[in-house]
1. Looking at region B:346-367, which of its residues are out of contact with any Gly (no Cβ under 6 Å at 6 or more places or on another chain), more than 11 Å from chain A (Cβ to nearest Cβ) and free of Cβ contacts under 8 Å to residues at least 12 places away in the same chain?
2. Residues that are among the acidic types (Asp, Glu) and either assigned to a helix (DSSP H, G or I) or within 16 Å of ligand 2 (Cβ to nearest atom) (or both): does region B:332-341 have at least one?
3. For region B:330-345, does any single residue satisfy the condition of being farther than 21 Å from B:GLU187 by Cα, open to solvent by 10 Å² or more (accessible area, probe 1.4 Å), more than 14 Å from every other protein chain (Cβ to nearest Cβ) and among the acidic types (Asp, Glu)?
4. Can you name every residue in region B:220-239 that is within 16 Å of B:ASP52 (Cα to Cα) and open to solvent by less than 40 Å² (accessible area, probe 1.4 Å)?
5. Confirm whether B:LEU255 is touching a strand residue (DSSP E or B) at 6+ places or on another chain (Cβ under 7 Å) and open to solvent by 10 Å² or more (accessible area, probe 1.4 Å).
6. Tell me, yes or no, whether region B:226-244 has at least one residue that is at pLDDT 95 or above and within 14 Å of chain A (Cβ to nearest Cβ).
7. Restricting attention to region B:151-172, does a residue exist that is without any contact (Cβ under 8 Å) to a residue 60 or more places away in the chain and within 10 Å of chain A (Cβ to nearest Cβ)?
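The values are calculated or read from the model by the stated rules, or taken from the named source; none is laboratory data. The structure displayed is predicted, hence computed values, not measured ones. Here Cβ is always computed from backbone atoms with ideal geometry, including for glycine, and neighbour counts include all displayed protein chains. In case anyone asks, the SASA skips ligands and DNA or RNA and just uses the protein heavy atoms, side chains included. Shrake-Rupley method; radii C 1.70, N 1.55, O 1.52, S 1.80 Å.
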Amino acid sequence: MSTDNLSRPTASLIASDRRCGFVFTDAEREAIEHEIGHYEDSRAASIGALKIVQESRGWVPDAAIPAIGQLIGIPASDVEGVATFYSLIFRQPVGRHVIKVCDSIACFLTGYDELAAALRAELGVEFGQTTADGRFTLLPICCLGNCDKGPTLMIDDDLHGPVEPSGVRVLLEAYP
Amino acid sequence: MSAGADIRTSPETHPLTWRLRGREAVTELADYEALDGYAALRLALTELSPGDVTQRVKDSNLRGRGGAGFPAGIKWSLVPMGADAPRQKYLVCNADEMEPGTFKDRLLLERLPHQLLEGMILTGYAIQASRGYIFLRGEYVLATQRLEQALTQARQAGYLGETILGSGWSFDLFVHTGAGRYICGEETALINSLEGRRANPRAKPPFPQIAGLWGKPTVVNNCETLNCIPAIVRHGAEWFKGLSQGRSPDSGTKLYGASGRVQRPGVWELPIGTTARELLEEHAGGMREGLALKAWLPGGASTDFLLPSHLDLAMDYDTIMKAGSRMGTGLMMAVDDRQSMVSVVRNLETFFARESCGWCTPCRDGLPWTVKLLSALERGEGELGDLEILAQIARQLGPGKTFCAHAPGAIEPLQSALKYFREEFERGIAAPPAAAING
Ligand SMILES: Cc1cc2nc3c(=O)[nH]c(=O)nc-3n(C[C@H](O)[C@H](O)[C@H](O)COP(=O)(O)O)c2cc1C
Ligand code: SF4
């Protein structure tokens, strides 16, 4: 039930990324520079920069960390500190679609347990894991502010609720 | 235009949501302007000094809607003003809404983006801020799009930027989206996060009004608080005070709500001090068929449980406080009689344990310990003495024992559940082995 395994890089990933190096795309670089312009201090763009890289690549490879540090002018260790703090920065590849299931109290009261069980059964993975075909990653998330429509989940940028356990299969079909 | 004329002749009774009557949302600048939008800003920048705006908000007795109820005008008046004050000052809107059971700011952000901007520009003017940020949780995707669009429109119309409406005062606003973690909502953690750091809270004092974002004076207000400002400036403090219709010494209206297994969960703008019974029975239509109310949380996961016998209390800061809880965000959660309190509290503490920032030991280690004990009780495998340990942890995480209010908030539902539903927890203690009983 934790996202820890996504936040923690593994040794083999670090090694392979170091060999490959890391080059920002023009679009990424432009977006990060635009972001820097919003703040008095470029450090403030560190979370935005991580999100920009994640948006275009699906996750944040290790080699991106020093590259971001260099671009915004802060130590790589600080970027790493930020990258591992925030739960929605992924430090391992995730599936094509990320399912975030609200596990907070309002959804708990309206059927979270049954929904979570249906998702685990349908996907064959536990929370924090990605399906073998790389299609879905299943994650828990704090209250999504959709408490009048619990139980609630998000798939990518789409909010769904209330989601009946029996409706899970059909819902997932919309995300090939 | 007719609705715009209405509000001028008969001040509204729903300052936060009247513009939504008959509409899903007011996202376009022209529509907002036609509904009296930015009229308060024009009034302030042409007729009122920054001090006048602050005084109006102070006189209105508007209390912060982020949960703690701190008077907004007093918060603002702590910001250094005048020629000697730092040139850079900041205003931050707390739109990190992650308090479990809270879904009011989302409504305002998605459906009335310009009203928030107007409230922020007015607040920025009052404290003579140089810049503002909307700290928005990253999952609010639609709100991000609508706010970005509203910002572009407001800039084009001259409500943001250099010397706004010819006043000589310049101010700009940016949206900053988060990347998860509930603790970002705590105002000093939020400031660290905005600076691009890990969201560990900061020591207070110094308070953000003196030294906040990048060490400069900073006001952090909740999204709903800022949404109250335009109407206060437009119609005055006395009008705002009257909105509670004598139901409470507090002033204004409040976005109240109800969730859990009720008939019609939702959010409603009502006079502050409306009773919990009215919320539950009239607006939410009571509990679902076949269910009865067992306990309720007045406003978020970090408030103490109350009982059905407390339903006639006015939902205001002081009344709920006197009953041993907190109004918090004002969105009540109804726990029905089919729920096990042990499971409910286990869910709540699992949330708090996961979301602890890990800075101080009692919170980082104490909360997972409560989860372990509660999980055992839930399985019927609790041990004698577990309840005493839970009570002891609750004391050790109380106010003043940790760096921020996360831990004290976390133990509020735990301590109140132990107070009101002790037998349920006792039932989770495994019977001692027969041999031990027989001697
Ligand atoms: C753990 C924690 C989480 C918080 N989360 C939020 C939040 O999501 N939104 C919010 O407005 N206030 C939140 N607060 C309260 C803020 O620290 C702060 O008091 C509030 O933003 C001030 O705004 P107000 O005076 O307008 O109410 C949180 C506090 C704590 C301790
Ligand atoms: S009380 Fe908890 S959340 Fe707050 S600073 Fe300490 S460890 Fe962090």
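1. Matches in region B:346-367: B:THR361, B:ASP365.
2. no
3. no
4. B:ILE229, B:PRO230, B:ALA231, B:ILE232, B:VAL233, B:GLY236, B:ALA237
5. no
6. Checking region B:226-244: not a single residue is at pLDDT 95 or above and within 14 Å of chain A (Cβ to nearest Cβ).
7. Checked region B:151-172: at least one residue is without any contact (Cβ under 8 Å) to a residue 60 or more places away in the chain and within 10 Å of chain A (Cβ to nearest Cβ).
Residue by residue, here is whether (1) outside any loop (DSSP other than H, G, I, E, B); (2) free of Cβ contacts under 8 Å to residues at least 60 places away in the same chain; (3) open to solvent by 30 Å² or more (accessible area, probe 1.4 Å) holds:
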{"position": "B:ARG277", "(1), (2), (3)": "yes, yes, yes"}
{"position": "B:GLU282", "(1), (2), (3)": "yes, yes, yes"}
{"position": "B:GLY290", "(1), (2), (3)": "no, yes, yes"}
{"position": "B:GLY300", "(1), (2), (3)": "no, no, no"}
{"position": "B:THR303", "(1), (2), (3)": "no, no, no"}
{"position": "B:SER309", "(1), (2), (3)": "yes, yes, yes"}
{"position": "B:ASP312", "(1), (2), (3)": "no, yes, yes"}
{"position": "B:ARG326", "(1), (2), (3)": "no, no, yes"}
